[in-house]
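Here is the structure we will look at.
A short reminder: the numbers here are calculations on the coordinates, not readings from a lab. None of the values given here were measured: they were computed from a predicted structure. All Cβ positions, glycine included, derive from the backbone under ideal geometry; neighbour counts span all protein chains shown.
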């Protein structure tokens with residue numbers, strides 16, 4: 001298989017993982033798009049990122065390094081972080097790991 | 001060691017940061033040392049007494065944050081708009097105090113960084129006072145660039161008001177950090193940090209309270225978001241009122257509502273709603289506390305062995321809340337999302353002896369009540385070496401989380 005990763009599939013995967021996180025604290029049926037922000041829209045906190053990191057590892061294995069992604073973000077980027085930005089990171093990570 | 005010392009205590013205009021040092025200053029004076037303060041004279045006099053010598057420092061107006069500013073945005077705002085300008089504004093006053101008072105030791109609050117930076121410029125030993133557990137543990141180690149954002153700004157501040165040759169982080173003195181918090185919250189700490197237990201400050205005045213209204217047949221649950229969060233409280237307190245209605249057969253609520261946001265909300269019979277409460281006296285009578293997780297309230301509840309339901313809003317509160325959960329002494333809900341049903345379930349959880357929260361809180365309380373942080377702090381301050389040339393070790397990129405309970 002050397003097809004490119006489909007960003008819409010990744011978005012759907014992430015929406016599922018994030019939906020599970022936010023449902024835990026009462027935000028059900030949250031519509032999650034590329035433009036959804038981690039902070040203002042989903043009110044995610046660092047503890048949630050730990051959970052999300054675990055979900056990503058369960059789903060994608062070692063191919064996606066979420067800790068490295070987060071560590072690379074500037075303060076302003078973290079404040080404005082969107083789901084789309086994480087989708088792009090996941091897609092790039094998966095494609096980088098795929099055979100050419 | 002022999003001889004008396006001169007201590008200059010540098011504090012920001014934040015009640016929760018001054019309180020822990022009130023008892024320490026009194027103990028130092030009792031031992032015959034000279035103590036003066038640098039900060040906002042009105043606040044220091046109110047909290048520490050009119051007889052205290054205070055060197056006036058200019059303090060800027062409070063930042064006036066909007067209630068919805070939370071998380072990393074609140075962090076950026078806190079430092080960029082308040083603590084860094086505060087340090088610049090306070091620096092001339094701190095310098096004047098050092099020149100006039102000639103202290104042997106500067107005791108500076110962790111977030112009044114002017115104290116540390118100016119003390120270094122004058123070659124005076126400084127010791128840090130930390131009034132919250134959040135910054136001791138490097139909670140955001142996963143976000144190194146946030147740390148660098150701040151340390152870059154602190155370095156620029158040092159160039160402006162400090163000793164350009166010094167390298168230590170002004171929030172963590174190489175001569176010692178006195179941390180007024182509970183070991184149960186912070187766990188293992190870096191070398192140089194002394195965890196002294198929370199400073200439980202007796203209030204100078206206690207508001208009236210209708211003690212006879214407390215129903216001995218039901219559990220008493222105190223609901224308080226502190227005094228600084230009235231603007232953000234309406235939704236949460238309304239849900240809390242709904243939770244109390246669901247729990248009314250087994251729980252009586254005592255709700256602190258300084259903003260009168262519940263004036264038109266129906267409440268179950270027997271609910272006590274007050275603008276202010278005598279919190280310390282009340283904590284010896286309650287079975288659980290629902291709070292935003294301000295470090296003071298958390299430590300006071302734990303001191304009394306009371307478990308907590310925490311709904312952190314911002315700043316150090318999410319970290320303090322996680323520490324309480326990790327210690328087994330409480331549960332956490334989402335301030336912005338929790339509804340009456342979830343909140344009632346959380347209260348039931350901490351009240352249920354089978355969950356162990358009560359036992360954990362009780363065990364933490366026994367340890368806290370046995371300690372005496374004031375004496376330990378005074379011992380450290382009176383014995384810290386005064387010789388210059390103490391190694392000035394650079395600190396790593398620690399993430400600050402300020403207790404802003406009383407941010408103006």
In which sequence would B:81, A:43, A:62, B:322 go, from the one with the fewest C-beta neighbours within 10 Å to the one with the most? A:62, B:81, A:43, B:322
In nanometres, what is the gap between the two model label sites at residue B:159 and residue A:80, each 7 Å from Cα along Cα-to-Cβ? 2.5 nm
Rounding to the nearest 10 and keeping the result within 0 to 90°, find how far the Cα-based axis of helix B:373-383 lies from the longest principal axis of chain B. 10 degrees
Determine, from the Cβ-Cβ distance of residue B:69 and residue A:29 and an R0 of 22 Å, the FRET efficiency 1/(1 + (r/R0)^6), rounded to the nearest 0.05. 0.25
At 7 Å along the Cα-to-beta-carbon direction for both residue B:122 and residue A:50, put a label point, then send me their distance in nm to one decimal. 4.2 nm
Using a 10 Å cut-off around each Cβ, can you sort B:180, B:77 from fewest to most neighbouring Cβ atoms? B:77, B:180
Based on other C-beta atoms within 10 Å, arrange A:17, B:90 from fewest to most. A:17, B:90
For the pair residue B:345 and residue B:191, the simple spin-label estimate (label points 7 Å beyond Cα toward Cβ) gives in nm 4.7 nm
In the Gaussian network model of chain B, springs joining C-alpha atoms below 10 Å, which of B:93, B:71, B:328 carries the largest mean-square fluctuation? B:71
With n ≥ 4 as the cut-off for DSSP H runs, can you work out [θ] at 222 nm for chain A, using -39500 (n - 2.57) per run divided by the number of residues, rounded to the nearest 500? -18000 deg cm²/dmol
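For chain B, what is the mean residue ellipticity at 222 nm derived from helices alone (per DSSP H run of n ≥ 4: -39500 (n - 2.57); sum divided by total residues; nearest 500 deg cm²/dmol)? Present the calculation step by step, with values, prior to reporting the outcome.
Details: 14 runs with 155 residues, N = 408.
Only helices count here, giving -11500 deg cm²/dmol.
I'd like the FRET efficiency for residue A:20 and residue B:366, computed as 1/(1 + (r/R0)^6) with the beta carbon distance as r and R0 of 45 Å, rounded to 0.05. Please report the intermediate quantities before stating the final value.
Working: r = 39 Å, r/R0 = 0.87.
Computed FRET efficiency for residue A:20 and residue B:366: 0.70.
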For chain B, alpha-carbon Rg and Dmax in angstrom: 21.2, 65
Additional length obtainable on full extension of the chain from residue B:285 to residue B:167, 0.36 nm per residue less Cα span: 37.6 nm
Under 13 Å from a point 7 Å along the Cα-to-Cβ line of residue A:59: which residues of the stretch B:293-334 have their amide N that close? none
Which one of B:182, B:80, B:191 has the biggest mean-square fluctuation once chain B is modelled by GNM with Cα springs under 10 Å? B:191
